[in-house]
1. For a Förster distance of 22 Å, can you work out the FRET efficiency between the beta-carbons of residue 107 and residue 12, rounded to the nearest 0.05?
2. With runs of 4+ DSSP H residues as the only contributors, calculate the mean residue ellipticity of the chain at 222 nm using -39,500 (n - 2.57) per run, divided by the residue total and rounded to the nearest 500.
3. Report the FRET efficiency, 1/(1 + (r/R0)^6), for residue 27 and residue 156, where r is their Cβ-Cβ distance and R0 is 30 Å, rounded to 0.05.
4. What is the distance in Å between the Cα centres of segment 84-129 and segment 18-46?
5. What percentage of all Cα-Cα pairs in segment 1-80 are separated by more than 14 Å?
């Protein structure tokens with residue numbers, strides 16, 4: 001699967017309460033979650049994000065709560081991929097469960113800037129910064145996890161393969 005989009009860049013330790021503030025969890029619909037995604041760290045995010053865009057961040061992205069609302073809000077906002085230096089383990093697993101593509105790539109996380117346009121091939125892990133021409137290599141997920149993500153998450157994958 002190939003992804004192409006504009007980059008939103010964030011730093012280290014972006015926690016789940018910043019991704020989707022707890023005050024908005026009274027409505028867990030994807031549309032409602034998306035409408036408040038990242039607003040405490042980037043108030044203009046929801047007005048500027050377009051389908052296919054990408055988040056790039058530093059260390060420990062998605063730390064904090066174990067709720068899967070955070071990756072769901074990101075995916076529902078239109079973000080097609082999150083690239084980070086590292087992910088909090090529960091966010092990492094929740095992203096797979098809901099079908100949000102993620103890649104760990106320290107070099108890409110360090111060098112890609114906000115506003116850059118990138119493309120990424122999830123099957124190979126190749127990330128290309130179209131803006132600068134630099135390429136980076138992430139470790140891709142094994143094929144069975146790629147299939148879960150491609151199917152839209154674990155529940156969709158299980159339903160498809162009954």
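1. Result of the calculation: an efficiency of 0.90.
2. -8000 deg cm²/dmol
3. Efficiency at R0 = 30 Å is approximately 0.85.
4. 21 Å
5. When all Cα pairs of segment 1-80 are counted, 58 percent exceed 14 Å.
A short reminder: the numbers here are calculations on the coordinates, not readings from a lab. Computed from a prediction, not measured in an experiment: that's the story for all the values here. Counting neighbours? That spans all protein chains shown, and the Cβs are built from the backbone with ideal geometry, glycine included.
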